[in-house]
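*Asks:* Next up is a structure, given as structure tokens.
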Amino acid sequence: MSIRLTEEPFDPGALLTEFTNGRSETGAVATFTGIARAEAGQTATLELEAYPGFTEAEIGRIADQARERFGLHDLAILHRVGRIAPGEPIVFVATAAGHRRAAFEACDFLMDYLKSRAPFW
């Protein structure tokens, strides 16, 4: 399980390649990449803050729930903080499971939490 916050831009394709490497028993990987929107020109930059240590721990608590509830083999979450320009990836979530339904549902569960209740400001 990997949960990271970063101020640096990231490549979702590279993250997916890294996440899927060597998974001979995983039947499904689901991913979600969120991209910062310009909101029809109303947003020049988005700025997100997190409390180091606390934010990762809270996300980890929900990630543990997802692992147990959906029987995940693994998961990865990378979330940007700091200044993010429209068009840049802001969040990457990957879930690995034996079957597609569990991978899809876990990815959706985690994104719902990150979008609505995760401790970002």
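*Asks:* Among the residues of the stretch 63-78, is there at least one that is touching a residue at least 40 places away in the same chain (Cβ under 8 Å), in a loop (DSSP other than H, G, I, E, B), surrounded by fewer than 11 Cβ atoms within 10 Å (Cβ to Cβ) and not β-branched (Val, Ile, Thr)?
*Replies:* No, the conditions are met nowhere in the stretch 63-78.
*Asks:* Within the stretch 23-49, restricting attention to residues that are part of a strand (DSSP E or B) and not hydrophobic (A, V, I, L, M, F, W, C), which residue is farthest from the chain's Cα centre (by Cα)?
*Replies:* Pass one, the stretch 23-49, residues part of a strand (DSSP E or B): 28-35, 46-48.
The next check asks that each one be not hydrophobic (A, V, I, L, M, F, W, C); those that pass are 31, 33-34, 47.
Values: Thr31: 8, Thr33: 7, Gly34: 8, Glu47: 17 Å.
Ranking the qualifying residues of the stretch 23-49, first place goes to Glu47.
*Asks:* Listed residues Ile35, Ile90; which is among the aliphatic types (A, V, I, L, M), open to solvent by 50 Å² or more (accessible area, probe 1.4 Å) and either at pLDDT below 95 or touching a Gly at 6+ places or on another chain (Cβ under 9 Å) (or both)? Talk me through it step by step, then tell me what you get.
*Replies:* Details: Ile90 fails: open to solvent by 50 Å² or more (accessible area, probe 1.4 Å).
After applying the criteria, what remains is Ile35.
*Asks:* Just give me the residues in the stretch 8-27 being hydrophobic (A, V, I, L, M, F, W, C), surrounded by fewer than 17 Cβ atoms within 10 Å (Cβ to Cβ) and in contact with a strand residue (DSSP E or B) (Cβ under 9 Å, 6 or more places away or on another chain), in sequence order. Outline the logic, then answer.
*Replies:* Of the residues in the stretch 8-27, the ones hydrophobic (A, V, I, L, M, F, W, C) are 10, 14-16, 19.
Now restrict to residues that are surrounded by fewer than 17 Cβ atoms within 10 Å (Cβ to Cβ): 14, 16.
Selection gives Leu16 alone.
*Asks:* Name the single residue, out of those in the stretch 38-62 being at positive phi and of a type outside the set (A, V, I, L, M, F, W, C), that is least open to solvent (accessible area, probe 1.4 Å).
*Replies:* Start the filter on the stretch 38-62 by keeping residues that are at positive phi, which leaves 39-41, 53.
Pick out the ones that are also of a type outside the set (A, V, I, L, M, F, W, C) and you get 39, 41, 53.
Numbers: Glu39: 91, Gly41: 66, Gly53: 44 Å².
So the residue we want is Gly53.
The values are calculated or read from the model by the stated rules, or taken from the named source; none is laboratory data. Because the structure is a prediction, the values reported are computed rather than measured. Every residue, glycine among them, receives a Cβ derived from its backbone with ideal geometry; neighbour counts consider all protein chains shown. Keep in mind that these areas ignore ligands, DNA and RNA; they rest on the heavy atoms of the full protein, side chains included. Shrake-Rupley method; radii C 1.70, N 1.55, O 1.52, S 1.80 Å.
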